[in-house]
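Every read-out reported here was derived from the displayed coordinates using simple, explicitly stated rules and does not represent laboratory data. Keep in mind it's a predicted model, so treat the numbers as computed, not measured. Glycine gets a Cβ as well: all are built from the backbone with ideal geometry, and neighbour counts include every protein chain shown.
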Amino acid sequence: MQAVDFLNLAEQILKERGAERNQSSGERNMEKIVSMFNTLTGNNLSTSDGWKFMILLKIVRAETGQYKQDDYIDGCSYFSLLGEEKSKNGNQKIDDGNMEHSKRRRTRRNSVR
């Protein structure tokens, strides 16, 4: 599988989960999960913390036992959901200029090697 295949499958699954749960924007339950967890434990985790927890869960699972495609697809999904949460709270938008800067930096770094 190519990297873009993992991303495409992650997108497809996010949309399917939203349809299954009658949520047009996709399944977004982390805020409720974290709220219930905080009530149960007395912690003060944020929604972003919840997504980070799920990312780490998938990293650990990917490193344990045999290769399972699901670990990497879900990891893509969770990381994108964390990005969505951060951009929503920070009111940040994708900036093509920053993306160009990153490409130049990678090119420069690769030429130094």
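In table form, for the structure just shown:
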read-out	value
Sole exception among (1) free of Cβ contacts under 8 Å to residues at least 40 places away in the same chain; (2) surrounded by 12 or more Cβ atoms within 10 Å (Cβ to Cβ); (3) not polar (S, T, N, Q) for residue 10, by number	(1)
In segment 13-26, residue nearest to the chain's Cα centre (by Cα) [restricted to those that are outside any helix (DSSP H, G or I) and surrounded by fewer than 15 Cβ atoms within 10 Å (Cβ to Cβ)]	25
Residue list for segment 27-56, filter: part of a loop (DSSP other than H, G, I, E, B) and under 14 Å from residue 82 (Cα atoms)	27, 28, 29, 45, 46
Subset of segment 31-67 [surrounded by 13 or more Cβ atoms within 10 Å (Cβ to Cβ) and among the basic types (Lys, Arg)]	52, 58, 61
